[in-house]
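What follows draws every value from the coordinates through simple rules; no lab data is involved. Note that the structure is a prediction, hence the values are computed from the model and not measured. Positions of Cβ are generated from backbone atoms using ideal geometry, with glycine treated the same way; all protein chains shown enter the neighbour counts.
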Ligand code: NDP
Ligand code: PYC
């Protein structure tokens, strides 16, 4: 018998789940954000971000994060109606005071000025401060590479990572994302925490009762542990790659917080705001127009590098899994477990 997939029809959703068009998911998420106190603008921007993460299979920063957004808004820790203040700081420098709002609306408010500067100067920096970033970073850089630019960004989070050789948590999970155009296919994009694992994945492992590989974290006594609950309950994560990841995490603190005027990951605490989960820190974004470098066509060089990597035996590029998942979600709908859908409807007041 020919199955549905080989007849070109969408297969049924996995057992215990449904498939939802991305637009419908985005609309549901926007209703949740609005219901819990954000402005329409913020709701639309965050809903797109979360829906696109779920679409791409970025599970630690998709709908898994919705209860955290909602409890943070309810706690009064973040201002879901904040109006960011954009400053034209220098010929190649834009700064934004997010005014205790989310980072993505601050980025959105500065985008046109930033791009104007990239076009006139060949490079421009966006420094966001007093912002909350609770999401994946690739959505912040990938669109620039789709326009032919190279982009990289840095965000610091909350103190939950012990610096190399240290005794207590100080750094955040401090992700870095990079995007570069190619001549064919989707841009080259990587997006990674500088901790051994993202905090969101530790939470997911704890929820699912999974043990972690060695060298990911320590318990409250500083002893190595593979138990995600021990890391979450008074323990801490380790940087990836020992002293090397620790140095990168230090750099992220300096660029995302030191340079922008945002909080370091250890500068704030959630006391007084029970339910708060979003880090109140900063973000730096750098966008480069490679055509201004004067050398050979950058996208062709990127393509040559990819060919060489494949020739050397690299099986998969960063971003490839995400784009494969994106294609599937766009064709068939985003798979959402019945439990997650019930959770979203509850948050939307539509149970
Ligand atoms: P992963 O370790 O899952 O992936 C990191 C990168 O490596 C991705 O670009 C991924 O591509 C790529 N990759 C993974 N496996 C391979 C492989 N075998 N070969 C080649 N490339 C590979 O990410 P993290 O767990 O470190 O981070 C998860 C998310 O958490 C990120 O989106 C990050 O931005 C977010 N985060 C956000 C924070 C915040 O403060 N807002 C804090 C910390 C993390 P692909 O995507 O295709 O799998
Ligand atoms: O997964 O480490 C993480 C994280 C921190 C803030 C948002 N995500």
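Cα gyration tensor of segment 73-142, axes a ≥ b ≥ c as square roots of the eigenvalues: rounded (a/c below 1.5), prolate (a/b > b/c) or oblate? Spell out each step's value before the answer.
Values: a/c = 3.04, a/b = 1.83, b/c = 1.66.
Since a/c reaches 1.5 and a/b is larger than b/c, the shape of segment 73-142 is classed as prolate.
What's the center-to-center distance, using Cα atoms, between segment 271-304 and segment 243-269 in Å?
15
Which of rounded, prolate or oblate describes segment 268-351 when judged by the alpha-carbon gyration tensor and an a/c cut-off of 1.5?
Cα axes put segment 268-351 in the oblate bin.
Return the distance in nm (one decimal) between the two label points of a simple spin-label model at residue 219 and residue 324, each offset 7 Å from Cα along Cα→Cβ.
For the pair residue 219/residue 324, the computed spacing is 3.8 nm.
Rounded to the nearest 0.05, what FRET efficiency do residue 167 and residue 337 have when you use their Cβ-Cβ distance and R0 = 41 Å? Mind showing how you got there, number by number?
Working: r = 40 Å, r/R0 = 0.97.
For residue 167 and residue 337, the calculated efficiency is 0.55.
If you rank 208, 350 by fewest surrounding Cβ atoms within 10 Å, what's the result?
Working: 208 8, 350 11.
Ordered by Cβ neighbours within 10 Å, fewest first: 208, 350.
For segment 139-204, state the average projected area of the convex hull of the C-alpha atoms over all orientations, rounded to one decimal in nm².
5.4
Please pull out the direction-averaged projected area of the chain, using the convex hull of its alpha-carbon atoms, in nm² to one decimal place.
19.7
If I take every Cα pair under 8 Å that is 6 or more residues apart in the chain, average their sequence separation and divide by the length, what percent do I get for the relative contact order? The partial results should precede the final answer.
Working: 750 pairs, mean separation 79.6, N = 351.
Computed value for the chain: 23 percent relative contact order.
So how far, in whole Å, is the C-alpha centre of segment 315-341 from the one of segment 116-167?
Result: 24 Å between the Cα centres.
Using the Kirkwood formula over every pair of different C-alpha atoms, what hydrodynamic radius in Å results for segment 68-187?
Taking the inverse mean of 1/r over all distinct Cα pairs, segment 68-187 comes out at 15.8 Å.
Please work out the FRET efficiency for the pair residue 40 and residue 315, using the Cβ-Cβ distance as r and a Förster radius of 41 Å; give the result to the nearest 0.05.
So the FRET efficiency works out to roughly 0.40.
Per residue, what volume in Å³ does the Cα convex hull of segment 1-155 take up?
129
Fewest to most neighbouring Cβ within 10 Å: what's the order for 271, 40, 219?
Listing 271, 40, 219 from fewest to most nearby Cβ atoms yields 271, 40, 219.
Report Rg(Cα)/(2.2 N^0.38 Å) for segment 147-294, keeping two decimals. Display every interim value, and only then the final one.
Details: Rg = 16.8 Å, N = 148, 2.2 N^0.38 = 14.7 Å.
Scaled against compact globular proteins, the figure is 1.15.
If r is the Cβ-Cβ distance from residue 93 to residue 243 and R0 is 30 Å, what FRET efficiency results, to the nearest 0.05?
For residue 93 and residue 243, the calculated efficiency is 0.45.
Once label points are set 7 Å from the Cα along Cα→Cβ at both residue 271 and residue 74, what is their separation, rounded to one decimal in nm?
2.4
Would you please classify the overall shape of segment 277-320 from the alpha carbon gyration tensor, given that a ≥ b ≥ c denote the square roots of the eigenvalues, rounded means a/c under 1.5, and beyond that prolate means a/b larger than b/c while oblate covers the rest?
Oblate.
Please give the per residue volume of the convex hull enclosing the alpha carbon atoms of segment 209-262, rounded to a whole number of Å³. Intermediate results must be reported in sequence, preceding the final value.
On the way: hull volume 5.2 nm³, N = 54.
With only Cα atoms used, segment 209-262 gives 97 Å³ per residue.
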